[in-house]
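Asks: I'd like to ask some things about the structure below.
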Amino acid sequence: MKKWLIGLALVCSVTTVDAQGKKGIVAGPMMGQVELRTAKIWLEAGEDAKTVAVKYWKKGNPASANTRSFSFDAMAEFKPMQVEIGGLDFNTTYEYTILYNNKDLKQGGEFTTKDLWQWRKPAPDFSFLTGSCNYVNEPPFDRPGKPYGGDSSIFATMAKDKAAFMLWLGDNWYTREVDYASEWGMWYRASHDRSAPIMQSLLKAMPQFAIWDDHDYGPNDMGTTFHLRETAREVFKQYWANPSYGYDGKGIYTKFSYSDVDFFLLDDRTWRSEDRMPSNIYGQPNPEKRMLGVEQMNWLKQSLLYSNATFKVIVVGSQVLNPVSPFDKLANFPVEYNELMGFLEDQKVNGVMFLTGDRHHSEVIKVDRTNNYPLYDITVSPLTSGTHKFGGPEKDNPYRVFGLDQKQNYGRISVSGARGERKFTVAFVGVGGEALGEWSVSEKELKSR
Ligand SMILES: [Fe+2]
């Protein structure tokens, strides 16, 4: 009985941490999308927030400062908020600070707007960071036994790795039984993980873009049947400062560009059929089994046709190609898989690659095509959650041209080179910054014959 009481006291004391009862800035400031003349800044405020504003100025010229207020619901328990600053000059560094209840908390930072290179100079070289699967431990609510979350100092390493932005590939946090059964739980988990102190320097160091996969959407492998999917979307919208979030109030897919690369950020959950639905019926692909849904697939195809980018990176929470994986992949949804592959073949879209997460290992999968350039699926995982060992049919996967298992890691992707000779290099980096391997492809290798 006494033990039970101590246990209860422990649980109570843990649940009072985080946004509840906290004063001042709970998480952030975090940089969201930064463009030529705009920058999004995100933060989560504590319960005492009455007014929150960002004061910003051109670096070295504080006399030129302007202020923009965040709008938020002061009565809400969780107070994530974001503001878009406009009227900025391109290729210019700004400094900012947060005014919290009219007091300067000295918790600002700096950001640099994009350069206007179009029609003026060659596409700039740049690097970005990427990764998936981040489990933040919270023992009273986690599974018993060895903590699932590994060494979170990987985020401190990433914060020091100078890059144009960080692209989160899903499972960016893990909702658990205590989280995904209620709306409050969904907000709680996002807030809890976002406020992890080790994460803060990365959030501030560079713009953050994200998609989701099952665990930050809801329960394991969950899709369209999730009864809290609208809450999941609202939480995602409030915790990421992406360019946009789906269309017509549904989904979270979006697109952004950096230099001569377009990124198509897909939503593999909102429209996803149950994984157990048969992929084939009477020997034919099951037309009812979809992962992206009709509208999003149409959007993707049209957007690929519109794009003139050297590299067109299709970003998805779970793998797309891996022909031998017994796990999650678009290929398990043959109607959509065939539709997308047929489209890429017929339309001869150049420069397409897939960038995916979820697997708890990293690899590059290559699938040859008969009349076209090969397709690559670059998987980067995990940042902090449990690691996976290549086994079963994937032990010596013949489609794998690069593999890295049993290691926490992130990707540092660099795009460089003269016009017509651009190169896309993926460096896999360990917790302390150690080089774990590299793979690259050139634009010439991704051209239709
Ligand atoms: Fe996942």
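Asks: From the list L446, L436, pick out the single residue that is within 25 Å of S259 (Cβ to Cβ) and of a type in the set (A, V, I, L, M). Before the answer, list the steps.
Replies: Values: L436 fails: within 25 Å of S259 (Cβ to Cβ).
Testing whether each residue is within 25 Å of S259 (Cβ to Cβ) and of a type in the set (A, V, I, L, M) leaves just L446.
Asks: Using the structure shown, decide if G403 is under 24 Å from the mean Cα position of the chain (by Cα), closer than 22 Å to S307 by Cβ and surrounded by 15 or more Cβ atoms within 10 Å (Cβ to Cβ).
Replies: no
Asks: Then there's this: N372 fails exactly one of the following numbered conditions: (1) crowded, with 20+ Cβ neighbours inside 10 Å; (2) of a type in the set (S, T, N, Q); (3) more than 16 Å from the ligand (Cβ to nearest atom). What is the number of that condition?
Replies: Unmet for N372, out of (1) crowded, with 20+ Cβ neighbours inside 10 Å; (2) of a type in the set (S, T, N, Q); (3) more than 16 Å from the ligand (Cβ to nearest atom): (1).
Asks: Another one. Restricting the first residue to the range 203-216 and requiring it to be farther than 15 Å from Q33 by Cβ and in contact (Cβ under 8 Å) with a residue 12 or more places away in the chain, which pairs with a second residue that is within 16 Å of the ligand (Cβ to nearest atom) and not in a loop (DSSP other than H, G, I, E, B) meet a Cβ separation below 7 Å and a spacing of at least six or different chains?
Replies: Final answer for the pair search is W212/F236.
Asks: Within the range 205-226, can you find the residues that are small (G, A, S) and more than 14 Å from the ligand (Cβ to nearest atom)?
Replies: Within the range 205-226, just A205 meets the criteria.
Asks: Quick test of your reading of the structure: T384 fulfils all but one of (1) in a loop (DSSP other than H, G, I, E, B); (2) free of Cβ contacts under 8 Å to residues at least 12 places away in the same chain; (3) closer than 23 Å to R269 by Cα. Name the failing condition by number.
Replies: If we test T384 against (1) in a loop (DSSP other than H, G, I, E, B); (2) free of Cβ contacts under 8 Å to residues at least 12 places away in the same chain; (3) closer than 23 Å to R269 by Cα, just (2) comes out false.
Asks: Looking at (1) crowded, with 23+ Cβ neighbours inside 10 Å; (2) in a loop (DSSP other than H, G, I, E, B); (3) on the phi < 0 side of the Ramachandran plot, can you tell me which one N220 breaks?
Replies: Only one criterion in (1) crowded, with 23+ Cβ neighbours inside 10 Å; (2) in a loop (DSSP other than H, G, I, E, B); (3) on the phi < 0 side of the Ramachandran plot is unmet by N220, namely (1).
Asks: Let me ask something additional. Within the range 297-334, take every residue that is aromatic (F, W, Y) and more than 16 Å from the ligand (Cβ to nearest atom) and give me the one that is nearest to I211 (Cα to Cα).
Replies: Initially, the range 297-334 is screened for residues aromatic (F, W, Y), giving 299, 306, 311, 327, 333.
If we keep only those that are more than 16 Å from the ligand (Cβ to nearest atom) as well, we get 299, 306, 311.
Details: W299: 16, Y306: 22, F311: 19 Å.
Filtering the range 297-334 for residues that are aromatic (F, W, Y) and more than 16 Å from the ligand (Cβ to nearest atom), the one nearest to I211 (Cα to Cα) comes out as W299.
Asks: Any idea which of K160, K106 is out of contact with any Lys or Arg (no Cβ under 9 Å at 6 or more places or on another chain) and either free of Cβ contacts under 8 Å to residues at least 12 places away in the same chain or within 16 Å of the ligand (Cβ to nearest atom) (or both)?
Replies: Answer to the selection: K106.
We did not get these values from a lab; they are worked out from the coordinates using the rules stated. This is a predicted model, so every value here is computed, not measured. Using ideal geometry, Cβ is built from the backbone for each residue, glycine included, and neighbour counts are taken over all protein chains shown.
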